[in-house]
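Right, one structure below, let's go through it.
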Amino acid sequence: MSSEFVYINEVSPRDGLQNQKTILGSQSRLELIRQLIEANLPGIEAASFVSPKAVPAMAGAHEIIEGLVDTNECEISVLVPNMKGYELANAAGAKVISVVPSATETMNQKNINMGLRETIESSCKIIETAKKENLKTRGYVAVAWECPFEGKVQESIVLDIANQMLGAGVDEIILADTIGAANPSSVTSLFNKCVSEFDHQIFSAHFHDTRAMALANVCAALSEGIRKFDSCIGGLGGCPFAPGAAGNLATEDLANMLSQMGYVTGVALEKLPAIVSYCREQLQEPVGGRMSAWLAKAN
Ligand code: HMG
Ligand code: MG
């Protein structure tokens, strides 16, 4: 049993909602975020400053951030795909931004209409600008294990992208399994190389649960010293530009497993089933995750 703290970054307002059939307005998204804050999630990715033509569900990001400017209880972050997104996020008052390079040429093209090299340069430029303007920065590496277009990704490419973003001064690197193709062996292998080269504390993991291996992947990452994870209430989520991307690891499943293993997350487990129900009602669809019904009975 470990009593160490594990940081959960809740991504439902962004990853969870970006590809839903039902589009939620800013007020419904702010209500979701309010409930997540009440449940003591330490971090929340609240919005993305992307083109509303490309991702209609993320329109109105400035309203979300402006509605949260006085939030001190939890770390609110936003995703920015390019410099324009960064400028809009900064103007709205964002304090933490995440850039999103993918590890392959095609995924970058499909996702943000830039090639691999251009995406890395642009991401590094955003990180440097944000640092000068005193924002905290995160850098995803999407398709870190496998790309829906180019197949398996070489570990050396992921390490190189991480290295370049660290050179630009990024505060945290999030390795993302965009289509849920990683398994505990490949997670161990990649994180082992990362922590041999860089400080383990700068890494976080973002697992999609397409093939039901997300919790097992978390255990593999924990064994390599990783103590930060993204997850999504109700197991919602998926990237609209990555065919086969299913829902994220469910926050209630992650928080419950970590708690049973003795880790401290600070998350109020008993409050999670009501948030899962809120998402189900708002989206008018069944949601994923395994632990909500059990937690509701247990409390
Ligand atoms: P583009 O068409 O190349 O952009 O799209 P552009 O620079 O040519 O500009 C075209 C129009 O978009 C212009 O407006 C720009 O002003 C506007 P117009 O003159 O036509 O009226 N524009 C913007 N508007 C708002 N926000 C912006 C922005 N940039 C340009 N930031 C662009 C490039 C990046 C905008 C587009 O491809 C886009 O929005 N992509 C969104 C990608 C996305 O949201 N993907 C999902 C998130 S990533 C993910 O889910 C993976 C993750 O979860 C980790 C994992 O699981 O792997 C993080
Ligand atoms: Mg994702």
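Here, each number is a calculation from the coordinates, and none is a lab measurement. In this text, all values refer to a predicted model and were calculated from it rather than measured experimentally. Here the Cβ is made from the backbone with ideal geometry for all residues, glycine too, and neighbour counts use every protein chain on show.
A few remarks follow.
- Separation of the alpha carbons by more than 26 angstrom is noted, of Lys84/Lys132; Lys95/Lys152; Lys110/Lys132, for Lys95/Lys152; Lys110/Lys132.
- Loop-located trypsin sites (Lys or Arg not before Pro) in segment 1-64, at most 16 other Cβ atoms within 10 Å (DSSP): Lys21, Lys53
- Neighbour-count order for Ser292, Ser51, fewest beta carbons within 10 angstrom listed first: Ser51, Ser292
- Placing unit charges on the Cβ atoms of the charged side chains and taking the dipole of the chain about its Cα centre, the candidate lying farthest along the positive direction among Leu17, Leu88, Leu30 is Leu17.
- FRET efficiency, 1/(1 + (r/R0)^6) with R0 25 Å, evaluated for Glu4 and Arg34 via beta carbons: 0.30
- Rounded to whole Å, sorted largest first: equivalent-ellipsoid semi-axes of segment 7-298, Cα gyration tensor: 26, 23, 18
- 3J(HN,Hα) from dihedral phi, segment 111-121, Karplus parametrisation 6.51/-1.76/1.60, rounded to Hz, x for glycine, proline: 7, 10, 6, 9, x, 4, 4, 5, 5, 5, 4
- Derived scalar couplings ³J(HN,Hα) [segment 293-299; Karplus, 6.51 cos²θ - 1.76 cosθ + 1.60; whole Hz; x for Gly, Pro]: 5, 5, 5, 5, 6, 6, 10
- Remark: Met291, Met165 ranked as Met291, Met165, counting other beta-carbon atoms within 10 Å and listing the fewest first.
- Shown in residue order for segment 272-285 are the 3J(HN,Hα) couplings computed by the Karplus curve 6.51 cos²θ - 1.76 cosθ + 1.60 at θ = phi - 60°: 6, x, 5, 6, 4, 5, 4, 5, 4, 5, 5, 8, 6, 8 Hz (x for Gly and Pro).
- Listed residue (Asn192, Ala298, Leu222) projecting farthest to the positive dipole end of the chain, Cβ model: Ala298
- For the chain, modelled as a GNM whose springs connect Cα atoms under 10 angstrom apart, the maximal fluctuation among Val153, Val187, Val78 occurs at Val153.
- Ranked for footprinting exposure by Cβ neighbours inside 10 Å, fewest first, His200, His208, His62 give His200, His62, His208.
- Residue with peak Gaussian network fluctuation, the chain [Cα springs, cutoff 10 Å], from Ser98, Ser48, Ser156: Ser156
- The length gained by stretching the chain between Glu87 and Lys193 to full extension, at 0.36 nm per residue less their Cα-Cα distance, is 34.8 nm.
- Under 5 Å, built H, 5+ apart or other chain: amide partners of Ser204: Ile173, Ile174, Leu175
- Rel. contact order, % - alpha carbon contacts under 8 angstrom, at least six apart, the chain: 21 percent
- Point-to-point label distance, Asp70-Gln27, nm (Cα→Cβ direction, 7 Å offset): 1.9 nm
- GNM result for the chain, Cα springs below 10 Å: residue of Ala212, Ala182, Ala220 fluctuating most strongly: Ala212
- Taking 0.36 nm per residue of separation and subtracting the Cα-Cα distance, full extension of the segment from Phe149 to Ala212 would add 20.6 nm.
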